[in-house]
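Shown next, in structure tokens, is the structure this report addresses.
The values are calculated or read from the model by the stated rules, or taken from the named source; none is laboratory data. If you're wondering where the values come from, they're calculated on a predicted model, not measured in any experiment. Ideal geometry is used to build each Cβ from the backbone, glycine not excepted, and the neighbour counts take in all protein chains shown. Please note that ligands, DNA and RNA were not included when accessible areas were found on the heavy atoms of the full protein model with its side chains. Shrake-Rupley method; radii C 1.70, N 1.55, O 1.52, S 1.80 Å.
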Amino acid sequence: SDVVVLTDDRLRFVYLSPAVERMLGHPPAHFLGRTLTAFCHPDDRRAMLTAFASGRRGEAVVATAMRVGHRDGSWRTLSFRG
């Protein structure tokens, strides 16, 4: 039931599990090749980029929340870790 996401080093989606459609209203193919920042609420982008930079340095990323756009135009708060 969790959304599993893989991105490349530029934060472009290369894989999303099918659960993303239940959470965000779009099938996984909608996100492929697009960047995470394209879907992240503008006020949450800096914290999200900081968390991902920590992950790229090999540091653990504890649960971090960000708002992500749903197909219906609303924002969904998701937490992630890596």
One residue from Leu78, Leu32, Leu36 being closer than 13 Å to Val5 by Cα and modelled with pLDDT of 95 or more
Leu32
Of all residues in region 34-82, which are surrounded by fewer than 16 Cβ atoms within 10 Å (Cβ to Cβ) and among the charged types (D, E, K, R)?
Arg34, Asp43, Arg45, Arg46, Arg56, Arg57, Glu59, Arg71, Asp72, Arg76, Arg81
Filter region 1-30 down to the residues that are farther than 18 Å from Thr64 by Cα, of a type in the set (Ser, Thr, Tyr) and in contact with a strand residue (DSSP E or B) (Cβ under 9 Å, 6 or more places away or on another chain), then identify the one that is surrounded by the fewest Cβ atoms within 10 Å (Cβ to Cβ).
Tyr15
Considering only residues that are closer than 16 Å to Gly82 by Cβ and in a strand (DSSP E or B), which ones fall in region 13-69?
Phe13, Val14, Tyr15, Leu16, Cys40, Thr64, Ala65, Met66, Val68
Pairs returned, first residue in region 31-46 that is under 13 Å from Arg67 (Cβ atoms) and among the hydroxyl-bearing types (Ser, Thr, Tyr), second residue that is open to solvent by 50 Å² or more (accessible area, probe 1.4 Å) and not in a helix (DSSP H, G or I), beta-carbon separation under 9 angstrom, 6 or more apart or interchain, are none
